[in-house]
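Note sheet for the following structure.
The values are calculated or read from the model by the stated rules, or taken from the named source; none is laboratory data. Computed from a predicted structure; not experimentally measured. Methodologically, a virtual Cβ is constructed for each residue, glycine included, from the backbone with ideal geometry; neighbour enumeration extends over all protein chains shown.
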Amino acid sequence: MVIDQWPAAAGEGLTTDTLRRGAYPAHLSSAAANFTNRFSEALGTELEAWRRPTMADTIQRVEYFYLQVPNKAGEGSRFLTALHEAGINLLAFSGFPEGRGSQLDFIPADPAAFKQFARTAKWKLTGPKRAFLVSGEERVGAVAELHRKLAEAKINVTAIDAVCAGAGRYGAILWVAPRDVSKAAKLLGAAEN
């Protein structure tokens, strides 16, 4: 059924032909304009955020240490609690299954204090080894940019843990082969920790 004449509630004398020409009742015109303005503002805000230059990422070359532990409940808690009680601050921590056990990676804020504590606690540490600690403004493709730069230089990323840190920030721990650490540091503009 084709409607040639709209009901009076939609606007007196409103026809399909007048709608095609863009003659809308006042209440519909203002609602459409309001929607269009809100949509444009929201889209404009998103486009501005996408286009605006972001602050450079902060990339630090850091020392990390690791332990091999049984893969059972409470192992991570045991080591992290000991560090907490000793006042040892970590910049990052990662734990994952390794063979039949687990590996705990520690990136301490003060490597010398960490090593001294671990020695006193009789931990069987491996390290120090080198990794990169990355932080920056959260944006689409941030981690892809890191991978692209390294791939173009033929540097393999052996592992990465990346997370959204909240408040518009992200962070990552990135590992490359020991032979590539210096080359990757120069390429990424990494600061020494």
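Only one entry of Gly99, Gly127, Gly95, Gly87 meets the criterion of being at positive phi and surrounded by 16 or more Cβ atoms within 10 Å (Cβ to Cβ), and that entry is Gly127. Taking the stretch 72-93 as the range and being farther than 16 Å from Gln116 by Cα, more than 27 Å from the chain's Cα centre (by Cα) and outside any helix (DSSP H, G or I) as the test, the residues that pass are Lys72, Ala73, Gly74. Are any of the residues in the stretch 135-150 farther than 17 Å from Ile107 by Cα and part of a strand (DSSP E or B)? Within the stretch 135-150 (the criterion being farther than 17 Å from Ile107 by Cα and part of a strand (DSSP E or B)), the answer is yes, since at least one residue qualifies. From the list Glu152, Glu137, pick out the single residue that is acidic (Asp, Glu) and free of Cβ contacts under 8 Å to residues at least 24 places away in the same chain. Criteria check complete, one pass: Glu152.
When we screen Leu188, Leu174 for residues that are buried (at least 18 other Cβ atoms within 10 Å of the Cβ), in the same structural domain as Ser94 (by TED's automatic domain parsing) and at pLDDT 95 or above, the only hit is Leu174. Restricting Phe96, Phe106, Phe132 to those that are without any contact (Cβ under 8 Å) to a residue 12 or more places away in the chain, in the same structural domain as Lys183 (by TED's automatic domain parsing) and in a strand (DSSP E or B) reduces the list to Phe96. Comparison of Glu145, Glu138, Glu152, Glu85 shows that the only residue that is within 17 Å of Leu174 (Cβ to Cβ) and modelled with pLDDT of 95 or more is Glu152. Tallying residues that are of a type outside the set (Phe, Trp, Tyr) and within 15 Å of Glu63 (Cα to Cα) within the stretch 161-178 yields 6. The listed residues are Ala144, Ala162, Ala151, and the only one of them that is within 29 Å of Pro70 (Cα to Cα) and out of contact with any Cys (no Cβ under 6 Å at 6 or more places or on another chain) turns out to be Ala162. Checked against (1) at negative phi; (2) touching a Phe, Trp or Tyr at 6+ places or on another chain (Cβ under 8 Å), Glu192 meets all criteria but (2).
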